[in-house]
Each structure stands twice: as structure tokens, then as C-alpha cells.
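Read the structure below first, then the notes.
The values are calculated or read from the model by the stated rules, or taken from the named source; none is laboratory data. Note that the structure is predicted; figures quoted are calculated from it, not measured. Positions of Cβ are generated from backbone atoms using ideal geometry, with glycine treated the same way; all protein chains shown enter the neighbour counts. In case anyone asks, the SASA skips ligands and DNA or RNA and just uses the protein heavy atoms, side chains included. Shrake-Rupley method; radii C 1.70, N 1.55, O 1.52, S 1.80 Å.
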Amino acid sequence: MESVLETVSAIGINFKALATGSIYTGKMVDVVGMKHSGDPNSAIDMGVPFTGRPSALILDYKALIQDAKAVYAPAKTKVTEVAGQDKGNITLILQHRWEENGHVYAYRVGTAVQDIDQTTEWKNDFRLPIVYGEEGKAYQQLIYNRHKTHNSEGQMVFIEEVDFREDLQPTHIIIQISAGCMPPFTGCPGNILWVDNIKLAYSNPTLAHEK
């Protein structure tokens, strides 16, 4: 996965867009193009059904993190430098979802987040613990207007997280691994993240059949 500053020519004008390489559980329902420049997540149905309660995410990774300023390039002619350092990111979210009146709500059951801010050679069997319930607040706040999914009417709507609940059974899992952690069209060109051998660990092996 790599963060790349792409150039797209249209009607004789060069537009610049920062694209951050990412893999995730879910599916792309539309091409992320200029019509999604205000909300690229509108093109992604994020997360998949999942009912397990794993203890950790385990993977191998290698990173090349640039010592350079981040830029904002939202498919326009101008590229703007922004404050802050872009970092690679690994995120796992366990949710208990339900729908009411076309809205998709979720309780946050489990959380695991890791920023990667330094260049490193392969780190094999890197273990990222999953914390359940309120402890997840130390790593990530609830998400209201970022991830989307289809509701029962086939409409793409935001997944609205409402609280942390350790006691509930997950219904969905989101795993997203990216070369950058900044908002859409923002990041550092040249950041690269390699990953391999992604798996889930269970403190109680008998729970593994639930995934």
C-alpha cells in the first residue's frame, strides 16, 4: 500500500489527487472518483458480518515512512501543504449493529489501533491486542460520520456508533490497514506499508469457530 499523488487530465486541465493505499474488510460499491471528492467513504461498504471475540490481531509488516510534510490534494489543480506527520495505520473495530428507520446504529464492542510512524524492516508476528468496551476510548473515540454501509433499503448510510458495550456479541468486524492515517486526500506521498500473514488470535481457542 502506497500514498501516491496522482495527476488526472480533463478538458486540458491537470487535477492533483492524493490517493492513500488501503486494504479493508468490506467492498467497494463505486469507483472513488471526482464525484466522491467530498466523501470518498461513500464508495465503500465497510465491514463484514462477524460474531467472534478475538483477543488480538496478528500480522507481519514493513514500513517506509517519509520525513516530509503532508499535502492536501482533493482532485483540484492546487496542492496544499498541511501540518502534521502522516503515519501508517492498523485499525480493528468490532461492532454490534442494528437498524432503525433506515439508520444503521452500532455499539462499539472491541477496539485495536496502531499508528506506524517510523520506517522499519519486517516485524513478524506483530501482535495488536483488542480491548473491549470502555477501554477502547484510550485508542479511538466513537465514529459517527466516516464509515458507511447499505441499509435494508439498499441506501448507503453512515454507521452511527452510539456507545461502548463490552457485554454484547459482535455482529460485524472492520479491519483497515493503510499507508496513511490522515483524512481523505491528505497524506504524505511516498509512504509505503507492506503487510502479510494477517490473522486473529483467541485467548480461548474454542471461540475460533465463531468467526
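Conditions (1) closer than 26 Å to SER152 by Cβ; (2) among the aromatic types (Phe, Trp, Tyr); (3) without any contact (Cβ under 8 Å) to a residue 24 or more places away in the chain; (4) not in a loop (DSSP other than H, G, I, E, B), marked per residue:
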{"residue": "ASP60", "(1), (2), (3), (4)": "no, no, no, yes"}
{"residue": "GLY84", "(1), (2), (3), (4)": "no, no, no, no"}
{"residue": "TYR105", "(1), (2), (3), (4)": "yes, yes, no, yes"}
{"residue": "ALA112", "(1), (2), (3), (4)": "no, no, no, yes"}
{"residue": "GLN118", "(1), (2), (3), (4)": "no, no, no, no"}
Sort out for me the strands (runs of 3 or more DSSP E) sitting completely within the stretch 140-195 that have 1 or more residues that are under 20 Å from TYR72 (Cα atoms) and of a type outside the set (Val, Ile, Thr). 172-178
Log entry, pairs with first residue in the stretch 168-195 being closer than 16 Å to ILE143 by Cβ and in contact (Cβ under 8 Å) with a residue 24 or more places away in the chain, second being of a type in the set (Asp, Glu) and part of a loop (DSSP other than H, G, I, E, B), beta carbons closer than 8 Å, six or more apart or on different chains, reads CYS181/ASP86; MET182/ASP86; PRO184/ASP39
Reported set for the stretch 56-87 where residues are modelled with pLDDT under 90, under 30 Å from ARG127 (Cβ atoms) and surrounded by 14 or more Cβ atoms within 10 Å (Cβ to Cβ) is GLN85
Got at least one residue in the stretch 62-75 being in a strand (DSSP E or B), in contact (Cβ under 8 Å) with a residue 60 or more places away in the chain and farther than 23 Å from CYS188 by Cβ? no
Pairs, first in contact (Cβ under 8 Å) with a residue 40 or more places away in the chain and of a type in the set (Ser, Thr, Tyr) in the stretch 133-162, second outside any strand (DSSP E or B) and open to solvent by less than 30 Å² (accessible area, probe 1.4 Å), C-beta under 9 Å, six or more apart: THR149/GLY47; SER152/GLY102
